[in-house]
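Notes follow once the structure below has been shown.
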Amino acid sequence: MGAAGSAHHILTLSGIYKLPWGFEASLISSMSSKGPITLGISGIDITGTGLGSSILPGSTSGAFNMSMGRSDLVRLVNDFNQNYAGRTTPRDQPIPTLTLPSNFNLGQSFFDQDLRFGKTFSYRDRRKLSAFAECFNCLNLANLGGYSGDLRNTASFIQPTSRIFQVFGSGGPRAIQLGTRFSF
């Protein structure tokens, strides 16, 4: 159980600004809403299909953060506890009572701001030297992921286990790069 796909809303802004003396500054800013999450119950097979876990009854795969939210989760857990908890599955597994943590959210949004500052020097005809400095995830926001959607494990329920995109320049920890390019 956990993430089921990509975010519902994505916004990317980019721009280049010409500065005095031939300098240039550019920005790429990416933002996205929380991605869809599938919530379920590990270790029990409510429907008798032979699977080792079940999606929370009343929800579907990837429903949370798309068509369902926090209040729907509270309602569905209450319904589950009234209609399923204390009984047994078709495979004679005891069905537990579910308890939501007192404080939880259904993941987080993604934010990434990348900046570039540079200048190109021209030498005779077609020879050019470009120097630049780049900063990826300049605000050093922790874009977290790997959320567990297992309702039986309240200690790790909707807790992040990793940073999103542990790749240089893609929303991971802040990174700075300096470089030059010579073209002829």
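Structure values in brief
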{"quantity": "All positions within segment 133-167 that are of a type in the set (Val, Ile, Thr), closer than 30 Å to GLY43 by Cα and free of Cβ contacts under 8 Å to residues at least 24 places away in the same chain", "calculated": "THR161"}
{"quantity": "Test for LEU98: is it over 30 Å from MET31 (Cα atoms), surrounded by 12 or more Cβ atoms within 10 Å (Cβ to Cβ) and touching a helix residue (DSSP H, G or I) at 6+ places or on another chain (Cβ under 7 Å)", "calculated": "yes"}
{"quantity": "SER30 vs. criteria closer than 30 Å to LYS128 by Cα, among the polar types (S, T, N, Q), out of contact with any Cys (no Cβ under 6 Å at 6 or more places or on another chain) and surrounded by 15 or more Cβ atoms within 10 Å (Cβ to Cβ)", "calculated": "no"}
{"quantity": "Top-ranked residue in segment 108-166 [being part of a strand (DSSP E or B) and of a type in the set (Lys, Arg); ranked as farthest from THR180 (Cα to Cα)]", "calculated": "ARG163"}
{"quantity": "Search result, residues across segment 17-75 that are among the aromatic types (Phe, Trp, Tyr) and under 20 Å from SER156 (Cβ atoms)", "calculated": "PHE64"}
{"quantity": "Conditions (1) touching a strand residue (DSSP E or B) at 6+ places or on another chain (Cβ under 8 Å); (2) modelled with pLDDT of 85 or more; number of the one not met by PRO20", "calculated": "(1)"}
{"quantity": "ASP45, sole failed condition from (1) without any contact (Cβ under 8 Å) to a residue 12 or more places away in the chain; (2) part of a loop (DSSP other than H, G, I, E, B)", "calculated": "(1)"}
{"quantity": "Unmet requirement for ARG70, which otherwise passes all of (1) within 30 Å of ASN137 (Cβ to Cβ); (2) surrounded by 18 or more Cβ atoms within 10 Å (Cβ to Cβ)", "calculated": "(2)"}
{"quantity": "Of all residues in segment 79-115 being aliphatic (A, V, I, L, M) and in contact with a strand residue (DSSP E or B) (Cβ under 9 Å, 6 or more places away or on another chain), the one that is farthest from ASP45 (Cα to Cα)", "calculated": "LEU115"}
{"quantity": "Condition check for GLY118: modelled with pLDDT under 90 and either surrounded by 17 or more Cβ atoms within 10 Å (Cβ to Cβ) or more than 30 Å from SER71 (Cα to Cα) (or both)", "calculated": "no"}
{"quantity": "Condition met for SER61 (farther than 22 Å from ASN103 by Cα, surrounded by fewer than 18 Cβ atoms within 10 Å (Cβ to Cβ) and modelled with pLDDT under 90)", "calculated": "yes"}
{"quantity": "Residue in segment 46-53 that is modelled with pLDDT under 90, more than 30 Å from LYS128 (Cβ to Cβ), surrounded by fewer than 14 Cβ atoms within 10 Å (Cβ to Cβ) and of a type in the set (Val, Ile, Thr) present", "calculated": "yes"}
{"quantity": "Qualifying positions in segment 136-151 - surrounded by 16 or more Cβ atoms within 10 Å (Cβ to Cβ) and farther than 24 Å from SER26 by Cβ", "calculated": "GLY145, TYR147, SER148, GLY149, ASP150, LEU151"}
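The values are calculated or read from the model by the stated rules, or taken from the named source; none is laboratory data. Fair warning: this is a prediction, and the values are worked out from it, not measured in the lab. We place every Cβ from the backbone using ideal geometry, glycine too, and count neighbours over all the protein chains shown.
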